[in-house]
Amino acid sequence: MLLIVGLGNPGRQYEDTRHNIGFKVIDNLVADFGANEISKSSFQGELFKAPNLLLLKPTTYMNLSGDSVQAVKNFYKIELEDIIVIHDDIDLPFSALRFKTGGGHGGHNGLRSIDAMIGKDYTRVRMGVDKPEYKSQVADYVLHDFSDEENKILNPWIKHTAHAVKELRTNTLNEVKSKYSLKSFKE
């Protein structure tokens, strides 16, 4: 069983923010797979199931994402190497896409929480959202909506990312990296 987690914050006010790009990819995958919702309050998130696949949107708010991931991981006895986390990354330019296993959290509170709860050796799908001019602006920046210019390529970039995540089910990380990594998305 593979667990794919998209990071974000619950609530309409966060729906289209940079921090919620992981939720958007999960929504795309749920639709593509025709996955059924199987949420339980103990999972602390929206959980969907397709054959040999779980799709999770933690509803704990970003800082506690690890609680939800750990609950699902433990309930379904999922190995760390079978967990994929999709998240925004301010250290990459907007619409860049990178893949890696393990590593640091880079100041991302969702990753920090997951690392603390289950360890670091899961696969990360890093979606570049760029960064503000000053470090003090980061929290405000990731909780703001994408610009009109960014919105023009958001949906095709999300679809590209969802397709790459699907490929991770059957191909190696290196194969997916070489085929789907982006410096920036070009339609």
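Taking θ = phi - 60°, what integer Hz values does the Karplus form 6.51 cos²θ - 1.76 cosθ + 1.60 yield along region 88-101, in sequence order, with x for Gly and Pro?
Each residue's phi maps through the Karplus curve to give 6, 9, 6, 8, 10, x, 3, 6, 6, 9, 9, 9, 7, 10 Hz.
Just need the Rg to Rh number for region 2-180, please, alpha carbons only, Kirkwood Rh.
Using Cα coordinates only, the ratio equals 0.93.
Check each of the GluC sites (Glu not before Pro) in region 35-128 and keep only those in coil by DSSP with at most 16 other C-beta atoms within 10 angstrom; list them in order.
Answer in residue order: 79.
So, counting K/R as plus one and D/E as minus one, what does the shell of residues with Cβ under 10 Å around residue 102 add up to? Working shown, then result.
Details: positive: 100, 120, 124; negative: 115, 121.
Counting the neighbours of residue 102, the net charge comes to +1.
What number, rounded to the nearest 500 deg cm²/dmol, is the helix-based mean residue ellipticity at 222 nm of the chain, given -39500 (n - 2.57) per DSSP H run of at least four residues and division by all its residues?
On the way: 6 runs with 68 residues, N = 187.
-11000 deg cm²/dmol, from helical runs alone.
Check residue 85: other-chain or 5+ apart residues with amide H under 5 Å from its amide H, H built from backbone geometry?
Result for residue 85 returns 5, 123, 124, 125.
Mind sorting 179, 49 by how few other Cβ atoms lie within 10 Å of their own Cβ, fewest first?
179, 49
Could you give the size of the charge dipole of region 1-124 about its Cα centre, using +1 on the Cβ of each K and R and -1 on the Cβ of each D and E, expressed in debye and rounded to the nearest 20?
120
Compute the separation of the alpha-carbon centres of region 22-63 and region 80-108 and state it in Å as a whole number.
First find each Cα centre; the distance between them is then 18 Å.
Per residue of region 44-51, in order, report the coupling 6.51 cos²θ - 1.76 cosθ + 1.60 (Karplus, θ = phi - 60°) as ³J(HN,Hα) in whole Hz, putting x for Gly and Pro.
6, x, 8, 10, 10, 10, 10, x
Which of 175, 167, 133 moves the most in a Gaussian network model of the chain with Cα springs under 10 Å?
It is 133.
Which value in nm describes the separation of the simple spin-label points at residue 76 and residue 137, placed 7 Å from the Cα toward the beta carbon?
With each label point 7 Å from Cα toward Cβ, the separation is 3.9 nm.
Pairs of alpha-carbon atoms within less than 8 angstrom and 6+ residues apart define the contacts here; what relative contact order does the chain have, in percent?
Worked out over the chain, it gives 25 percent.
Over region 96-187, what number does the Rg to Rh ratio reach, with both radii from the alpha-carbon atoms and Rh per Kirkwood?
Checking Rg against Rh, the ratio lands at 0.98.
Considering only 41, 68, 95, give the residue with the highest GNM mean-square fluctuation for the chain, with springs between Cα atoms whenever their separation is below 10 Å.
41
Taking the Cα centre of region 112-180 as origin, sum charge times position over the Cβ atoms of Lys and Arg (+1) and Asp and Glu (-1), and report the length of that vector in debye to the nearest 20.
Taking the Cα centre of region 112-180 as origin, the dipole is about 420 debye.
From the backbone phi of region 162-179, what are the Karplus-calculated ³J(HN,Hα) couplings (6.51 cos²θ - 1.76 cosθ + 1.60, θ = phi - 60°) in whole Hz, Gly and Pro given as x?
3J(HN,Hα) across region 162-179, in whole Hz: 4, 5, 4, 5, 4, 5, 5, 5, 10, 10, 6, 4, 5, 5, 5, 4, 5, 8.
Antiparallel as a % of all DSSP beta bridges within region 35-167, to the nearest 5?
Numbers: 13 of 19 bridges.
Here the share of antiparallel DSSP bridges comes out near 70 percent.
Values in this text are rule-based calculations from the coordinates and carry no lab data. Bear in mind the structure is a predicted one, so any value in this text is a computation, not a measurement. Glycine also receives a Cβ, built like all others from the backbone with ideal geometry; neighbour counts cover every protein chain displayed.
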